[in-house]
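Beneath this line is the structure, given in structure tokens, with notes to follow.
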Amino acid sequence: MPLAAKSLHLVSAGDETDYPARVIKDFGAGVGLLLRGFSLVFSSPKRVLVGALPAVITAALMITGWVFLFTNIDSVADWLTGFADSWSDTWKNVAEVAVGISVIAAGLGLSVLLFTAITIMIGGPFYEYISEEVEDELGGVPEAEQIGWWRGFVVGLRSTLLLVGTSILFAIPLFLCGFIPVVGQTVVPVVAVCINGYLLGIELTGIPFTRRGRTFKQRRQILATRRGLVLGLAVPTYLLCLVPLAALVVIPAAMAGGTVLAHRLLNGDRATA
């Protein structure tokens with residue numbers, strides 16, 4: 001059976017009855033992969049330095065963008081609430097505040113994806129080095145393809161555009177649902193974190209899939225067989241990246257964890273521990 005087909009066959013019909021329990025177990029195992037990623041990266045000072053350099057550059061770019069957004073949020077909210085010009089001042093202010101909060105929330109969601117994507121594009125060779133070292137410890141990759149900076153940049157740019165475009169498509173209905181009382185302040189943020197976290201998980205596994213010649217479509221299909229694992233790795237990563245400057249150490253660890261995850265799925269390994 002071809003490798004991709006074997007990986008896609010990881011979830012059988014017989015597993016459907018215990019699907020919720022398996023997803024919960026996989027989520028916990030995914031968290032364990034992130035912790036293992038921290039262990040793998042911090043076991044070598046060189047890996048820490050190599051992983052942090054691209055993130056430092058990206059952090060400077062993202063901070064500049066956030067400063068620009070915060071200093072102009074009133075103008076952005078006013079422009080987006082043009083429909084409320086005829087409302088009373090009180091309700092117009094309420095609309096502007098709600099829209100401003102929603103724009104910032106959407107910006108946070110996109111910024112984590114963009115941070116990871118830009119960091120990977122800038123630091124392709126750096127993260128390929130970490131991925132290679134991790135996979136060597138796991139047994140290596142026979143006939144692995146060398147990505148190189150330019151190819152890594154092009155592949156990363158393409159997947160970034162697709163993932164950010166997907167995130168925006170989800171962000172629009174979530175943005176509108178944010179105005180629903182209670183639901184908009186409780187359910188919507190959780191759904192948004194899960195969606196953006198899953199998209200982030202697709203980013204984190206890009207290098208090991210590309211080294212094996214797997215396409216972006218194949219990556220999505222294979223990861224979909226173990227969504228719990230992907231979410232367990234990516235959701236904590238996503239939340240930690242919301243902490244200022246935490247991404248400098250979180251992203252390299254998450255990349256290492258993503259490499260372990262990809263290695264298991266691409267080798268048909270059903271282990272979750």
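Tabulated values for the structure
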{"item": "Listing of helices (runs of 4 or more DSSP H) fully contained in region 175-249 that carry 3 or more residues being under 22 Å from P20 (Cα atoms)", "result": "183-204, 216-224, 227-241"}
{"item": "Of all residues making up region 25-52, the number that are open to solvent by 20 Å² or more (accessible area, probe 1.4 Å) and within 19 Å of the chain's Cα centre (by Cα)", "result": "8"}
{"item": "Unique match (being surrounded by 14 or more Cβ atoms within 10 Å (Cβ to Cβ) and more than 27 Å from V235 (Cα to Cα)) among A77, A55", "result": "A77"}
{"item": "Some residue of region 221-236 being at pLDDT below 90, open to solvent by less than 10 Å² (accessible area, probe 1.4 Å) and at negative phi", "result": "no"}
{"item": "Region 103-148, subset modelled with pLDDT of 75 or more and open to solvent by less than 20 Å² (accessible area, probe 1.4 Å), residue nearest to the chain's Cα centre (by Cα)", "result": "T119"}
{"item": "Cross-chain or 6+ apart pairs with Cβ under 8 Å, region 211-231 first and farther than 18 Å from S131 by Cβ, then among the aromatic types (F, W, Y)", "result": "R227/Y198; G228/F27; L231/F27; L231/Y198"}
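Let's see how each residue does on (1) open to solvent by less than 10 Å² (accessible area, probe 1.4 Å); (2) modelled with pLDDT of 90 or more:
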| site | (1), (2) |
| --- | --- |
| V193 | no, no |
| L199 | no, no |
| L204 | yes, no |
| L240 | no, no |
| P244 | no, no |
| A253 | yes, yes |
| G268 | no, no |
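The values are calculated or read from the model by the stated rules, or taken from the named source; none is laboratory data. Please read all numbers here as calculations on a predicted model, not as lab measurements. Because the Cβ atoms are built from the backbone with ideal geometry, glycine has one as well, and the counts that use them run over all protein chains shown. For the accessible areas, the whole protein counts, side chains as well, though only heavy atoms, and no ligand, DNA or RNA atoms are used. Shrake-Rupley method; radii C 1.70, N 1.55, O 1.52, S 1.80 Å.
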